[in-house]
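Everything below concerns the one structure shown next.
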Protein chains: 2
Amino acid sequence: MPRRTNTRERLIETAAGLFWRQGYAQTGVNEIMQQAQTTSGSFYHFFPAKQDLLLAVVDHVGELLEAEVFAAAADRSDDPLEQVFAVIDASRRHLESNDFNLGSPLGALAAELSASHPEVRERIAGLFDAWTDRVGALLEAAGSRLPPEIDRRALARFILAVVEGAILEARVSRDLTPFDAAVAELRRHLALLAPGVQPAAARSAQPRPTPRPQPRAADWRAW
Amino acid sequence: MPRRTNTRERLIETAAGLFWRQGYAQTGVNEIMQQAQTTSGSFYHFFPAKQDLLLAVVDHVGELLEAEVFAAAADRSDDPLEQVFAVIDASRRHLESNDFNLGSPLGALAAELSASHPEVRERIAGLFDAWTDRVGALLEAAGSRLPPEIDRRALARFILAVVEGAILEARVSRDLTPFDAAVAELRRHLALLAPGVQPAAARSAQPRPTPRPQPRAADWRAW
């Protein structure tokens with residue numbers, strides 16, 4: 001693995017912003033170099049081809065998910081089920097802070113590149129799996145609050161589908177209402193599965209926990 | 001509105017296939033003209049700019065949704081809730097028939113173009129609304145099988161989120177398992193909301209109603 005340097009990180013963060021804003025195909029290497037204020041020598045030293053940078057961007061999202069989304073969710077609540085909703089709330093804040101111009105960092109690239117870039121698709125599938133494992137573990141930690149016959153991993157996959165779909169609906173309508181409605185219905189689902197799970201919250205359309213300052217929030221928001 | 005001709009339809013169907021396979025930005029007007037075997041005179045007669053063709057493609061999806069997905073679902077079952085699952089099953093068959101290379105006709109364009117093409121975004125939002133209205137009406141038709149306090153339209157939006165997210169997961173993993181798991185969980189949700197709704201089906205991971213021949217299935221499958 002190449003050593004991390006400021007230039008490499010700057011290229012990754014710049015590319016991430018451009019890929020999410022305008023798509024991978026629409027973003028040229030020159031545009032990335034200009035915006036990251038680097039030379040082509042530096043660029044090709046770190047990334048022999050544009051796709052190498054794309055793979056690094058996907059890995060970077062994985063790191064951010066861990067460092068900012070899951071770690072921050074753990075800071076916000078000791079309750080594993082509330083941590084799941086704190087993870088979901090990170091997507092809501094992300095939509096809000098970029099004025100709906102950017103959706104799911106993985107979802108948008110997956111939609112654009114799944115058919116044409118198998119290696120990228122596999123890397124994104126790996127991150128979806130990691131997300132599912134993390135949320136599945138939180139559902140596991142909820143123990144007897146969910147019925148024993150419920151497959152936690154399948155439920156986590158369902159939650160990922162709800163979140164990715166809700167992000168898409170919010171982007172398209174430029175409105176958080178469908179996102180909040182989907183999350184409220186998901187809360188209702190968990191409440192129906194396990195009546196002990198915050199039934200009051202399940203009826204609230206807009207759960208809004210207080211955001212806490214995050215170490216590298218600027219990166220995440222920039223997308 | 002321009003009169004429909006074979007050339008116009010061929011351009012729309014060709015462009016639809018290319019946009020979904022490789023994205024809007026990646027598809028050039030020349031490529032569309034070549035594949036549709038038409039001249040630039042014909043092309044620009046019908047579509048002064050590439051975006052005009054894109055808008056026609058989005059409208060075309062709306063027509064197909066009505067003609068092939070909702071009408072076919074109505075043919076498959078008299079039960080409004082089963083019609084909802086027949087609509088969802090159309091997406092499953094679509095993923096299967098194109099070997100996961102194409103996802104949601106609207107979702108993929110929405111992800112690529114929401115930020116950069118406001119007019120396209122609005123048109124897609126209109127189709128999402130139409131889908132939600134249609135599914136909401138089916139949920140309404142379920143009458144007392146769903147509890148009266150459930151907002152049918154909000155539930156329809158939730159279902160749309162589940163389906164769009166499940167399509168994305170299936171595409172990325174090239175596997176129908178996450179799609180089927182999400183649909184099974186959705187069935188469980190409806191069953192929990194209204195215990196009268198097919199509890200047996202709620203436990204089946206792969207509901208597979210027999211497909212019936214569809215009038216223009218070739219178009220839909222081609223995407």
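Derivation of every value follows stated rules applied to the coordinates shown; laboratory data play no part. For clarity, every value in this text was computed on a predicted model and none was experimentally measured. Reconstructed Cβ throughout: ideal geometry from the backbone, glycine too, with neighbour counts over all protein chains shown.
Inter-chain neighbour count for A:151-159: the average number of beta-carbon atoms from partner chains within 10 Å of each residue's beta-carbon is 5.
For segment B:60-206, the spread of Cα coordinates along the three principal axes comes to 44, 30, 26 Å, biggest extent given first. Only Cα sites of segment A:1-69 enter the Debye sum here, all with the same form factor; the resulting log10 I(q)/I(0) across q = 0.15, 0.16, 0.17, 0.29 1/Å is -0.43, -0.49, -0.55, -1.50, listed in q order. With the convex hull drawn over the C-alpha atoms of segment A:100-168, the volume per residue is 91 Å³. Phi angles of segment A:105-120 translate, via the Karplus equation with coefficients 6.51, -1.76, 1.60 and θ = phi - 60°, into HN-Hα couplings of x, 7, x, 5, 5, 4, 5, 6, 10, 4, 6, 9, 10, x, 5, 5 Hz per residue; Gly and Pro are given as x.
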